[in-house]
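Asker: Encoded as structure tokens, here's the structure I'll be asking about.
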Amino acid sequence: MQQKPPTFRFRDILPKGLYWRTLLIIAAPAALVQLIITLVFLDDHWQATSKRMGQGVASDVALIIQLYERNPSPENFADLQRLAWRPLRLEIELQPGAPLDLQRCRAAGSVLDRYLTRALQDEIGRDVWYDSTCPGTQVLIRVPTEQGVLQVKAYRDRVQARSGPLFVAWISGATIFLITVSILFIRNQVRPIIQLADAMERFGRGEDTGPFRVRGAREVRAAALSFFDMRQRIKRHIEQRSQLLAGVSHDLRTPLTRLKLQLALLPPSPEIDDAKRDLAEMEETLEEYLAFAKGIADEAPAEVDLRELTEDIASDARRTGADITVDADGPAMAPGRARALKRCLANLIDNAIAHGDKVRVSVKGEEEAVTVAVDDNGPGIPEELYEEAFRPFSRLDETRSRNQKGVGLGLAIARDVARSHGGDIKLSPSPLGGLRASLRLPRPA
């Protein structure tokens with residue numbers, strides 16, 4: 001069946017961050033309103049005013065032409081020149097035998113030129129030549145007469161309203177000012193949220209950042225204070241659990257030690273050997289359970305080189321005869337607790353060694369995270385049992401029964417450590433034919 005092409009959704013192009021979304025919500029409507037106001041002003045006020053001004057200049061030029069054509073003497077033209085200059089601010093010049101059209105400075109002029117041209121043609125009743133494309137403070141009007149071409153120079157502020165560009169400049173300045181104020185305001189409102197999110201992320205990785213100054217809106221302050229309370233409750237819970245486990249460990253180790261001593265004093269026999277094995281298994285179960293329950297304890301976080309930890313664990317495994325190789329690509333530094341991460345990696349590698357003859361470990365450092373993949377050539381497990389493998393005390397004997405040992409807490413402890421550092425462990429089929437366990441630890445942004 002042919003796949004449908006992805007449909008376009010407007011939300012796909014919208015910004016994802018709170019800062020840019022809030023800025024868009026504030027700035028976009030303001031800019032749109034300013035644009036509408038500007039267009040309405042230009043279409044209604046500026047063009048209407050320029051049209052009336054053009055009609056006024058056309059009437060003045062038509063009056064001068066009528067007065068001159070009634071008496072086309074040089075004396076009358078000189079009087080008209082003085083009257084045109086004061087108070088009409090028009091410079092007139094008669095050019096006998098000159099052509100009507102001249103070379104323009106630019107091909108096209110202003111959209112408002114048609115108002116004056118149409119008004120001149122309506123007032124005078126003949127063709128006119130008008131040019132506003134040349135630089136300077138004046139525009140040029142040329143009208144044909146029986147004595148030659150009458151050239152009129154009028155100042156631009158008599159022909160076109162100058163308030164339009166000034167209004168656009170004020171509107172643009174107001175929009176820029178509004179956006180600038182919005183950026184400063186939104187930044188101050190978003191910064192406490194970013195600070196709170198960063199504190200939550202670091203606390204989720206097991207880093208104790210300590211209290212910070214609560215700022216921002218009332219709702220943000222309430223969220224920060226709730227986070228402080230939650231953090232304190234979690235820390236108290238972890239501390240109480242560690243104290244309880246320390247007491248349990250002491251209470252259980254004492255009778256186990258007495259039992260070991262009593263068995264050591266008894267004469268050797270098959271029954272004594274069986275009892276010693278049972279006692280060793282009980283001790284191993286206790287140690288593994290305590291390790292799982294204690295988690296990361298009170299170890300201080302620091303920058304940890306996962307490549308170095310992996311090499312140390314692999315070196316120890318090779319001394320026991322394990323066939324293990326380590327491949328590293330890129331820097332593998334990540335924030336965390338070294339002992340806890342070493343236990344996590346050791347559990348993954350020991351699990352692979354226990355179920356396969358060949359183990360390959362790949363350490364890859366990326367910009368956002370460090371990934372450690374542990375592959376083995378063992379029998380593997382079905383995909384539907386991947387999550388079951390992480391359950392405490394889970395033993396998937398029917399699929400990975402060879403060389404089984406432990407009580408089923410290895411992967412549970414490993415994932416507990418990974419998640420306490422903000423990461424996770426995923427299982428997948430291995431290229432070697434067995435199981436791949438991938439540890440991913442994020443790096444701080």
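Computed from the coordinates by the stated procedures, all read-outs in this text should not be read as laboratory data. Computed from a predicted structure; not experimentally measured. FYI the Cβ positions are ideal-geometry reconstructions off the backbone, even for glycines, and counts take in every protein chain you see.
Asker: Please compute P(r) over all alpha-carbon pairs of the range 301-442, binned at 5 Å starting from zero, and give each bin as a whole-number percent.
Answerer: Here the calculated profile for the range 301-442 is 2, 10, 22, 25, 21, 14, 5, 1, 0.
Asker: Cα atoms only: what Rg and Dmax, in Å, come out for the range 209-294?
Answerer: Values for the range 209-294 (Cα only, Rg and Dmax): 23.2, 76 Å.
Asker: Follow-up question, since we're still on this one. Give the long-range amide H neighbours of residue 435: residues separated by 5 or more places, or on another chain, with amide H under 5 Å away, using H modelled in the peptide plane at 1.01 Å from N.
Answerer: 376, 378, 380, 430
Asker: Using amide H atoms built in the peptide plane, which far-off residues or other-chain residues are under 5 Å from residue 424 H to H?
Answerer: 440
Asker: If each residue of separation counts as 0.36 nm, what is the full-extension length gain between residue 122 and residue 174 once their alpha-carbon separation is subtracted?
Answerer: The residue 122-residue 174 span can extend by a further 14.6 nm.
Asker: Starting from the Cα-Cα distance between residue 75 and residue 250, subtract it from 0.36 nm times their residue separation and give me the gain in nm to one decimal.
Answerer: Contour length minus Cα-Cα distance gives 50.3 nm.
Asker: I need the phi-derived Karplus couplings for the range 180-195: 6.51 cos²θ - 1.76 cosθ + 1.60, θ = phi - 60°, integer Hz, Gly and Pro marked x.
Answerer: Result, rounded to whole Hz: 4, 4, 5, 4, 5, 5, 5, 4, 5, 7, 7, 4, x, 5, 5, 4.
Asker: Give me the one-decimal Kirkwood hydrodynamic radius in Å for the chain, with the sum taken over alpha-carbon pairs.
Answerer: 31.1 Å
Asker: Where does the range 18-164 land on Rg(C-alpha)/(2.2 N^0.38 Å)?
Answerer: That ratio works out to 1.39.
Asker: While we're on this one: Tell me which cysteines of the chain come out unpaired when the rule is another cysteine's Cβ under 4.7 Å.
Answerer: 344, each lacking another Cys Cβ under 4.7 Å.
Asker: Now a separate question. In whole Å, what is the distance between the alpha-carbon centres of the range 120-135 and the range 324-391?
Answerer: 86 Å
Asker: Separation between the residue 39 and residue 319 pseudo-spin-labels, each 7 Å from Cα along Cα→Cβ, expressed in nm?
Answerer: 7.9 nm
Asker: Could you please rank 113, 101, placing first whichever residue has the fewest other Cβ atoms within 10 Å of its Cβ?
Answerer: 101, 113
Asker: Also, quick follow-up: Provide 237, 421 in ascending order of the number of other Cβ atoms located within 10 Å of each residue's Cβ, fewest first.
Answerer: With the sparsest Cβ surroundings first, the list reads 237, 421.
Asker: Follow-up. Short version: ³J(HN,Hα) in whole Hz for each residue of the range 57-74, in order, from phi by Karplus 6.51 cos²θ - 1.76 cosθ + 1.60 (θ = phi - 60°), x for Gly and Pro, what are they?
Answerer: 5, 4, 5, 5, 5, 4, 5, 4, 5, 5, 5, 6, 5, 5, 9, x, 8, x
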